[in-house]
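Have a look at the structure below before the remarks.
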Amino acid sequence: MPSFSQKVPDDFTGTERIDKYIASLPNGFNRSKLKSGIQEILVNGNKSKLSGKIRAGDQIEIQWEDNIPDNIEPENIPLRIIFENDDVCVVNKEQGMVTHPAAGNWSGTLVNALLFHFGMAAIKQANEGSEQEIQERRRPGIVHRLDKDTSGVIITAKHRAAEEYLSQEFKNRNVQKEYALIVRGCPPKRDGVIDTLIVRDGADRKRFKAVDENAAKNLRFGEDVERFERRNLPQGKRAVTLYHVVAIYSNYTLIRARLLTGRTHQIRVHMKYLGCPVLGDPIYSKKDSLFPDAQMMLHSRLLKIRLPGEENFAIFKAAIPERFKKMIAILREKFPREYCSRGIKIKEENLEKS
């Protein structure tokens, strides 16, 4: 984590706000950068705020998430283009690429690559205004996103009108998104629906968890009010995922999943909720003994959407990645029988033709 350390000279006179003082230094930072990424401010070892006052002899220590750049720069990063016209660009995103600039990833993102691909100039960063305004400036053309470790189809807009149109299509759920994934464990049945609320995990703000929307119906006599409120009054958003089992390899399952809503980490959280976490998921799964170095086995394989000015839906597909093919080959060799511990037995389907 970047840090800044500065002692106020002994001959400094009067008092000054911390942010103003640092901005005045030759090696200082402007106030907007300080405000956007601060994690902790210490003055003489005691916690303080940017508005706190400093005096002669004070020792200032500041830690921030990272230094926000002045601009989002175009970067010559190869892209696998699935489709492109004057309105949109559909990309098969590589695993490991962040969708848009954000804390910890201000370069090397899909947005940086698209700016170069479109021949656009750098975009001045926005550090002030509402959160929505800041985010819109940092992710031009991005109307939905894929997690860093998720590969596959993502559609982007090439101008503001197309962005507004696509955003509305996603908001109204006039799109179909389908994923391929390999999980640890086996679902309770071949075809199923996961319908829950998704809420932030109180123990870790970077994680989410699924909560049964009908949990109150399961309340047992004798449970106190505090437990009732904790279990049954979540402030989350409804999330619905459809899944279909393609193949079973003992304790590993190849699945197709379709999203009816678009919540952060939705498939990953729902698979965890089902007791079948995505293999290689660094947040919701544990290290696997057979595949200890597995990357996250989640791939956006299909997007069905109506493009601007078109009446019919277009379907875009991203081929199954090599990491899937290699793992499936190992699983087929090691577990030739198509069964799982829950008693489900199926014939393996051809994922690429489905």
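Summary of computed values
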{"read-out": "Cross-link pairs beyond the 23 Å C-alpha cut-off, checked among Lys286/Lys334; Lys177/Lys334; Lys158/Lys237; Lys272/Lys347; Lys93/Lys158", "value": "Lys177/Lys334; Lys158/Lys237; Lys272/Lys347"}
{"read-out": "Solvent-accessible surface (1.4 angstrom probe) belonging to Lys158, in square angstrom, nearest 10", "value": "60 Å²"}
{"read-out": "Residues Ser250 and Glu311, FRET efficiency given R0 of 45 Å [Cβ-Cβ distance, rounded to 0.05]", "value": "0.45"}
{"read-out": "Extension gain from Lys325 to Glu349, taking 0.36 nm per residue of separation minus the Cα-Cα distance", "value": "7.2 nm"}
{"read-out": "Stretch gain in nm, segment Arg190-Gln59, where the contour uses 0.36 nm per residue and the Cα spacing is subtracted", "value": "40.9 nm"}
{"read-out": "Of all accessible heavy-atom area on region 165-205, the percent that carbon and sulfur account for (1.4 Å)", "value": "42 percent"}
{"read-out": "Gain on full stretching of the segment that runs from Glu16 to Lys304 - 0.36 nm per residue minus C-alpha separation", "value": "98.0 nm"}
{"read-out": "Distance in nm between pseudo-label sites at Ala102 and Lys334 (7 Å out along the Cβ direction from Cα)", "value": "3.2 nm"}
{"read-out": "Neighbourhood charge, 9 Å Cβ-Cβ cut-off, centred on Phe12 and excluding it, Lys, Arg +1 and Asp, Glu -1", "value": "-3"}
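The values are calculated or read from the model by the stated rules, or taken from the named source; none is laboratory data. Quick caveat, the model's predicted, so the values are computed rather than measured. Here the Cβ is made from the backbone with ideal geometry for all residues, glycine too, and neighbour counts use every protein chain on show. In case anyone asks, the SASA skips ligands and DNA or RNA and just uses the protein heavy atoms, side chains included. Shrake-Rupley method; radii C 1.70, N 1.55, O 1.52, S 1.80 Å.
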